[in-house]
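Student: What follows is a single structure, and I will ask about it in a moment.
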Amino acid sequence: MDMKRNWAGNFQYSTTNWHVPESVEDVQQLVSRLPKLRVIGTRHSFNNIADSNENIVSLQKLNKVLSIDRENETVTVQAGTKYGDLCHVLQQHGYALHNLASLPHISVAGACATATHGSGNGNQNLAAAVRAMEVVTADGSIVTFSREKSEEELHGSVVGLGGFGAVTKLTLDVLPSHQMRQDVYENLPLAQLAHDFDIIYSSAYSVSLFTDWQDETFNQVWLKSKLSDDQTYSLGEDFFGAKAAKVNLHPVSGVGAENCTAQLGVPGDWLDRMPHFRMDFTPSKGQELQSEYILAREHAYDALCAISEIRDQIAPHLFISEVRTIAQDELWLSPSYKQDSVAIHFTWQDKWTEVQQVLPLIEAQLEPFQAKPHWGKLFSTSPAKIQSLYERMPSFQQLLMKYDPNGKFRNTFLNKYIFNEAE
């Protein structure tokens, strides 16, 4: 009995009934025929959000870039397309995406459904680039959500947690291709963020701070600058007390940098600088766990200080923590809905027993700041609390009921966190 697992290996899916359709018609037939199902992408979620006790449909074979519309500056892809593959096609045609996650090996539909993001004060999460989305809904018919048809319903459904049906196609906004450079600095004091958080995070197109929480210092600052940006050329040896790195670095101390995108200010195409990890490097099983909390950017420094208070409980179980910023959006279930945000990410060692005990401590420290957990990562926040954090949750519930009245696409996760129902 082949019980499949997620990418990290920490989660085992609950059914052996896996289906791998090769066409949209196959998807329609499966959805029509199966009483209950969930759809998965590249299995990069760490919890049971994509799980099903009955049937799992994988979109791995729906992975083509379908068309580029030069007039409207959009690209249309099948839902199982990975960002890495999409980026190469866009670059060949002179286009770019506004942002990428740390890893380019995740599927477009999966990333958008869970509000996955990169970094940058002016950069919304990846789902905000969706202009239109085709979904096979519960009766097997195809429904199109789009800005033209109903911006409101598109905002409600893009971060859909798999609840509306099987996404088969997405149309994304694109930008002209450009060059970027990446500069890394070492040892930025946490105290420096008290007054300079906004300046630090606006000093490049995308900024990430990394810390292992061993002390009150950020081990590394990663600055990704568009080469048209004015500030690109003013980067010196010192960055708010942090010193320019002399060699390429991996975010985790002691790990070789060969799989990381090039640093040291060397210019390169956007797709070879925007993610932290190289497109041609395929992460094997990530022996790690991940958690992330997103909160209003105005509370960033206070929230980081609150976490620093319990760093002795965090550090022993951690590989690295990353702090990024995200621009606000209009997507109902996006953690950045109408709120410029900061995201505090934890990449844990694969020790669930220990991590399980630390998460409530972190959540308690972040309680004053109304932090929302990333939908696809590990958290212990209660369903009632999560529902209270999303002002459009009632609208989202109604929209789900409209398109999936009998709950064909509902699972334990949706029942618990969206509908507050025990199984």
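Student: Which condition number in (1) among the aromatic types (Phe, Trp, Tyr); (2) more than 14 Å from Val75 (Cα to Cα); (3) in contact (Cβ under 8 Å) with a residue 60 or more places away in the chain is the one that Tyr95 fails?
Tutor: Checking Tyr95 against (1) among the aromatic types (Phe, Trp, Tyr); (2) more than 14 Å from Val75 (Cα to Cα); (3) in contact (Cβ under 8 Å) with a residue 60 or more places away in the chain, the one that fails is (2).
Student: Gly163 versus (1) modelled with pLDDT of 95 or more; (2) outside the structural domain of Arg147 (by TED's automatic domain parsing); (3) outside any strand (DSSP E or B): which is the lone unmet condition?
Tutor: (2)
Student: Among the listed residues Ala166, Ala138, Ala111, identify the single one that is closer than 30 Å to Asp272 by Cα, in contact (Cβ under 8 Å) with a residue 24 or more places away in the chain and small (Gly, Ala, Ser).
Tutor: Selected residue: Ala111, the only one of Ala166, Ala138, Ala111 that is closer than 30 Å to Asp272 by Cα, in contact (Cβ under 8 Å) with a residue 24 or more places away in the chain and small (Gly, Ala, Ser).
Student: Leu223 - would you say it is surrounded by 20 or more Cβ atoms within 10 Å (Cβ to Cβ), of a type in the set (A, V, I, L, M) and within 27 Å of Pro316 (Cβ to Cβ)?
Tutor: Judged against the criteria, Leu223 is not a match.
Student: Here is a follow-up. For segment 125-142, how many residues meet the condition of being assigned to a loop (DSSP other than H, G, I, E, B) and surrounded by 23 or more Cβ atoms within 10 Å (Cβ to Cβ)?
Tutor: Total meeting the criteria: 1.
Student: Same structure, new question: Please find, among Glu367, Glu421, Glu363, the residue that is assigned to a loop (DSSP other than H, G, I, E, B), more than 17 Å from Phe46 (Cα to Cα) and among the acidic types (Asp, Glu).
Tutor: When all the criteria are applied, what remains is Glu421.
Student: For the condition surrounded by 18 or more Cβ atoms within 10 Å (Cβ to Cβ), within 25 Å of the chain's Cα centre (by Cα), modelled with pLDDT of 95 or more and in a helix (DSSP H, G or I), what is the one hit in Phe145, Phe197?
Tutor: After ruling out the rest, the residue left standing is Phe197.
Student: Also, quick follow-up: Would you confirm, using the coordinates I've provided, whether Gln290 is closer than 24 Å to Leu190 by Cα, in contact (Cβ under 8 Å) with a residue 24 or more places away in the chain, of a type in the set (S, T, N, Q) and not in a strand (DSSP E or B)?
Tutor: no
Student: Same structure, new question: Against the conditions (1) at pLDDT below 90; (2) crowded, with 17+ Cβ neighbours inside 10 Å; (3) assigned to a loop (DSSP other than H, G, I, E, B), where does Met274 fall short? Just the number, please.
Tutor: So the condition that Met274 fails would be (1).
Student: Out of curiosity, is Ile344 at pLDDT 95 or above, under 13 Å from the mean Cα position of the chain (by Cα) and either in a helix (DSSP H, G or I) or not basic (Lys, Arg) (or both)?
Tutor: Criteria met by Ile344.
The values are calculated or read from the model by the stated rules, or taken from the named source; none is laboratory data. Keep in mind that what you see is a predicted model, and the values were worked out from it rather than measured. Here Cβ is always computed from backbone atoms with ideal geometry, including for glycine, and neighbour counts include all displayed protein chains.
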